[in-house]
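Below: the structure, in structure tokens.
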Amino acid sequence: MMGLVLGIETSCDETAASVVDEEFHVLSSVIESSIDQHRAFGGVVPELAGRAHVATIGPVVRRALSDAGLDPHDPKILGIAVTSGPGLIGSLLVGLSAAKAYALAWGVPFVGVNHLEGHLFAPLLESSDLEWPLTTLLVSGGHSLIVLQSGPGEHVVLGETIDDAAGEAYDKVARWLGLGYPGGPEIDHLAQTGTAGSLKLPRSMTGDDYDLSFSGLKTAVVRATEKQRDLPVADVAASFQAAVAEQLLRKLRRALEHHPVKGLALAGGVAANSALRSGVTELAQEFGVEVHLPTMAMCTDNAAMIAAAGTYRLRHDGPSTWDLSASPNWQLADVS
Ligand code: KG4
Ligand code: ZN
């Protein structure tokens, strides 16, 4: 009988639960978001997110079990994986407490999973032909990293943002331009009809490393649009999008040149970006490596990726202990 793992994710504004089997087949994946409550504030309000998780976690877990054809207490569930960091402390604690309660009630082990490692497992859930080593660009509203993976759960962080995350910069620029939240999809959409060269933006992070930076770019957009107030918003969007993609692709190119790999993968919410998806596809073709572009559902926060990472961690490190607490600043580089 194939064992199953229940994944629970509550690190930000998504309350998610999923059942995944040992071969990483997704039996169910349920996601409820409190984003509508945060829109008016232009960003996630931690207090509101935490309260929403408390109200939603029970029904979301129940639905994940029933969608997978399972009863609560089902003996096929061998363990529970839960995001224990990084993320919003109040939100993490809701998922962690729920996971401990289910583990205690069902008599199964639980394991705390690093949310970023979860994102790295997302491509594994969709590509059965994945070959190692792999370079992954993980870009979301909270994180931006370039990671070299020699196998599942074996990773080295080549570089990361020294200030804002890529998605955060998208959201801030969108707010400045009077667009809605989250800003990434809106800017991406507008950029399709704009001219990228209209706004002169500086090339950032030209050094010989893999670190990223988006805060200067955001400030440059603000300064430039203050001077050129009549510039169409689509042109601003296209110029900003081109500058973000240029930096990310330049660093990825450098990574491919210095660390030969068999594949290139995207992960995180910004992986939905059209310029990034096409740029990464071209880069992979140029270097003759496989490209792995997860579907949108797998790019954004979900619990299937947490269940997959947890399956690996349970196997390799064993379960967490009952005194495990949430780690809001847990770095990927510190995952054992
Ligand atoms: O991974 P995610 O769902 O949540 C976390 O931050 O963990 O990522 C959300 C981020 C937001 O900042 C959003 O603006 C950005 O992903 N995003 C995009 C696009 N779609 C979502 N950024 C650029 N282009 C997009 N098409
Ligand atoms: Zn995420």
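The values are calculated or read from the model by the stated rules, or taken from the named source; none is laboratory data. Computed from a predicted structure; not experimentally measured. Positions of Cβ are generated from backbone atoms using ideal geometry, with glycine treated the same way; all protein chains shown enter the neighbour counts. With ligands, DNA and RNA removed, areas are computed over all heavy atoms of the protein, side chains included. Shrake-Rupley method; radii C 1.70, N 1.55, O 1.52, S 1.80 Å.
Side notes on the structure shown:
- When all alpha carbon pairs of the chain are counted in 10 Å bins from zero, the resulting P(r) reads 6, 27, 32, 23, 10, 2, 0 %.
- Alpha carbon centroid spacing (whole Å) that separates the stretch 84-119 from the stretch 244-322: 23
- Antiparallel DSSP beta bridges within the chain, percent to nearest 5: 55
- Separation of the alpha carbons by more than 30 angstrom is noted, of Lys218/Lys251; Lys76/Lys262; Lys100/Lys251; Lys172/Lys251; Lys100/Lys218, for Lys76/Lys262; Lys100/Lys251; Lys100/Lys218.
- Fluctuation leader among Ala224, Ala196, Ala275 - the chain, Gaussian network, Cα springs under 10 angstrom: Ala224
- In terms of the mean number of neighbouring beta-carbon atoms within 10 Å, the peptides 173-185, 278-290 order highest first as 173-185, 278-290.
- Choice from Leu212, Leu252, Leu324 showing the highest fluctuation, given a GNM over the chain with Cα pairs closer than 10 Å: Leu324
- Placing Met298, Met205, Met305 in order of accessible area, with the largest value first and a 1.4 Å probe, yields Met205, Met298, Met305.
- Largest to smallest accessible area among Arg313, Arg229, Arg223 [probe 1.4 Å]: Arg229, Arg223, Arg313
- Dipole magnitude of the stretch 131-297, debye to nearest 20 (Cβ charges: Lys/Arg +1, Asp/Glu -1, about Cα centre): 420
- Helix axis angle, 89-106 relative to the chain longest principal axis, alpha carbon, degrees: 20
- Cβ-based charge dipole, the stretch 131-297, positive-most Cα from Ala284, Thr219, Met205: Thr219
- Along the axis of the charge dipole computed for the chain (Cβ charges of +1 for Lys and Arg, -1 for Asp and Glu, origin at the Cα centre), the listed residues Ala55, Trp132, Val82 are led at the positive end by Ala55.
- Rounded to the nearest 10 square angstrom, Thr321 shows an accessible area of 90 square angstrom against a 1.4 Å probe.
- Per residue, the convex hull spanned by the Cα atoms of the stretch 126-178 measures out at 92 cubic angstrom.
- Note on Glu23: accessible area is roughly 120 Å² with a 1.4 Å probe, heavy atoms of protein only.
- Dipole check for the chain: with +1 at the C-beta of Lys and Arg, -1 at the C-beta of Asp and Glu, and the Cα centre as origin, the magnitude is about 640 Debye.
- Gaussian network model of the chain, Cα within-10 Å springs - most flexible of Asp323, Asp171, Asp71: Asp323
- Relative contact order for the chain: 24 percent, from Cα pairs under 8 Å spaced at least 6 residues apart, divided by residue count.
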